[in-house]
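The values are calculated or read from the model by the stated rules, or taken from the named source; none is laboratory data. Worth saying up front: this structure is predicted, and the values here are computed from it rather than measured. Counting neighbours? That spans all protein chains shown, and the Cβs are built from the backbone with ideal geometry, glycine included.
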Amino acid sequence: MALEETQRQAQRGRPRSLTEEGIVKAALKLTASSHLEDVSMRALAQELGVPVMTIYSYVPNREAFYELVTDHVLRTVAVPGPSEGSWEERLLQLERDARAAMRKYPGVKFNRRGGISPEAARLTNGVLSILEDAGFGRAEARLAFASLFTLMVGQIEIDSYDESAASTAVIESVTQTTNDSSDVAFEFALNAVIEGLKILLNPKPPAKSSRRRSR
């Protein structure tokens, strides 16, 4: 019976001891000293103690691997509903929560190959929905999302740097005079973008000229 069970597992290519959750846990452990993009299937298999081909029965390619890990990281981020505050408050909360989720795992970044995981797509649609609730048209909402996403990608890059990294030193050299941290800088930038979006929604009428006409 034991031999038959072993043969059945080999045919399926998925031993009971290995799960997608186990793969994610091992991947995140490896990213503690590296970036997800640098984690090889061989290193992952070695960490899990299984043959490389066993990994491919769960994640057939690197794209699927990135999606599996990214989905795990972003799954905890909720999209605040209309009853949870104004559109500005909802955006602030979503962006803060997304950053906090990514910050737990500095080695994980958004996929640079252009792919988008289901959870990333969920959050993207959530941001667009909030922006449309605010009054933006679909095209304007996409441009607004692009601005917010650009800010978030830059912040994630900063959060993932080692303390000795040159880019971190630049940020610190700029903010140290006011004793500001990257958290303060992020909040400032995020609020600045949202205030800019509010102005676009409700543009001020042009000021009347106070000059008198010359006779």
Scan of region 123-148 for residues that are surrounded by 17 or more Cβ atoms within 10 Å (Cβ to Cβ) and under 12 Å from the mean Cα position of the chain (by Cα), ordered by number: Leu123, Leu148
Of all residues making up region 127-158, the number that are among the aromatic types (Phe, Trp, Tyr) and within 30 Å of Ser34 (Cα to Cα): 2
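Any residue at all in region 80-92 that is of a type in the set (Lys, Arg), modelled with pLDDT of 90 or more and on the phi < 0 side of the Ramachandran plot? Don't jump to the end; show me each part of the working.
Kept after step one, since they are of a type in the set (Lys, Arg), are these residues of region 80-92: 90.
Imposing the further condition that a residue be modelled with pLDDT of 90 or more reduces the set to 90.
Add one more test, that the residue is on the phi < 0 side of the Ramachandran plot, and what stays is 90.
Looking through region 80-92, at least one residue is of a type in the set (Lys, Arg), modelled with pLDDT of 90 or more and on the phi < 0 side of the Ramachandran plot.
Any residue at all in region 82-98 that is of a type outside the set (S, T, N, Q), under 27 Å from Thr19 (Cβ atoms) and free of Cβ contacts under 8 Å to residues at least 60 places away in the same chain?
Checked against the condition, which is being of a type outside the set (S, T, N, Q), under 27 Å from Thr19 (Cβ atoms) and free of Cβ contacts under 8 Å to residues at least 60 places away in the same chain, region 82-98 yields at least one hit.
Select, from Gly107, Gly81, the only residue that is over 11 Å from the mean Cα position of the chain (by Cα) and crowded, with 19+ Cβ neighbours inside 10 Å.
On the way: Gly81 fails: crowded, with 19+ Cβ neighbours inside 10 Å.
After applying the criteria, what remains is Gly107.
A quick yes/no check of all residues on (1) farther than 23 Å from Phe65 by Cα; (2) part of a loop (DSSP other than H, G, I, E, B); (3) touching a Cys at 6+ places or on another chain (Cβ under 8 Å); (4) among the aliphatic types (A, V, I, L, M):
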{"residue": "Arg96", "(1), (2), (3), (4)": "yes, no, no, no"}
{"residue": "Tyr105", "(1), (2), (3), (4)": "no, yes, no, no"}
{"residue": "Val127", "(1), (2), (3), (4)": "yes, no, no, yes"}
{"residue": "Ile130", "(1), (2), (3), (4)": "yes, no, no, yes"}
{"residue": "Asp133", "(1), (2), (3), (4)": "yes, no, no, no"}
